[in-house]
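For reference, the structure discussed in these notes is given below.
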Amino acid sequence: VQLQASGGGSVQPGGSLRLSCKASGMRSSINTMDWYRQAPGNDRELVARITSGGSTDYADSVKGRFTISRDNVKNTVYLQMNSLKAEDAAIYFCAVRNWRGSDYWGRGTLVTVSS
C-alpha cells in the first residue's frame, strides 16, 4: 500500500492550497480517509476525516476554512485549505483505514504559511 501526498507549498496568510493524497495497492476497500498535521514541537493532530459515506468531521481550528473530499474511484482524498493562517503551517499527513481496520500513512507534505 502506498499513499502519495502532494500539493503542499508556501503561501501567504489568507491564501489557499489544495492537498491531494492517492492510495494505491489497497486490497480492501477504504473506510475512512483522514488528514493529520504536525507542527514542530506539537503532537500530531487530526485535521479532517471523511467516511466512505461522505460524512465529514473537522478540528475546531479549521472549521469553515478547510474542506475534505474524496474520490472513491481514484482512491484519492483532498483537502482544500482556504484563509490559511500562520498556525496552519505544519507537515500534513494523509491516512486511510480499510474495512479490516488496518491503517496506512503517507509520508507527509509540508505547508508553510508566512508573509
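The values are calculated or read from the model by the stated rules, or taken from the named source; none is laboratory data. Here the structure is a predicted model, which is why all the values come from computation and not from measurement. Cβ placement follows ideal geometry from the backbone for every residue including glycine, while neighbour counts extend to all protein chains displayed. Each accessible area value is taken on the protein alone, full model and side chains, heavy atoms only, with ligands, DNA and RNA left out. Shrake-Rupley method; radii C 1.70, N 1.55, O 1.52, S 1.80 Å.
What to note about this one:
- Computed from backbone phi, the HN-Hα couplings of the range 81-86 come to 10, 10, 6, 5, 10, 4 Hz, rounded to whole numbers (Karplus: 6.51 cos²θ - 1.76 cosθ + 1.60, θ = phi - 60°; Gly and Pro given as x).
- Taking the average, over residues, of other Cβ atoms within 10 Å as the packing measure, peptides 78-86, 46-54, 24-32 rank 78-86, 46-54, 24-32 from highest down.
- Measuring with a 1.4 angstrom probe and ignoring ligands and nucleic acids, Arg65 comes out at about 30 Å² accessible.
- Cα centroid separation - the range 7-44 against the range 56-85, whole Å: 9
- Counted charge near Tyr104, where neighbours are those whose Cβ lies closer than 13 Å (Asp, Glu -1; Lys, Arg +1): +3
- Per-residue 3J(HN,Hα) values for the range 61-69, derived from phi via the Karplus relation 6.51 cos²θ - 1.76 cosθ + 1.60 with θ = phi - 60°, read 5, 10, 4, x, 10, 10, 9, 9, 8 Hz in sequence order (x marks Gly and Pro).
- In Hz, Karplus ³J(HN,Hα) per residue of the range 70-75 (6.51, -1.76, 1.60; θ = phi - 60°; x = Gly, Pro): 8, 10, 5, 6, 8, 6
- Accessible surface computed residue by residue for the chain, with neighbouring protein chains in place and a 1.4 Å probe, gives 55 Å² per residue.
- Taking only protein heavy atoms and a 1.4 Å probe, the accessible area of the range 4-115 is 43% carbon and sulfur.
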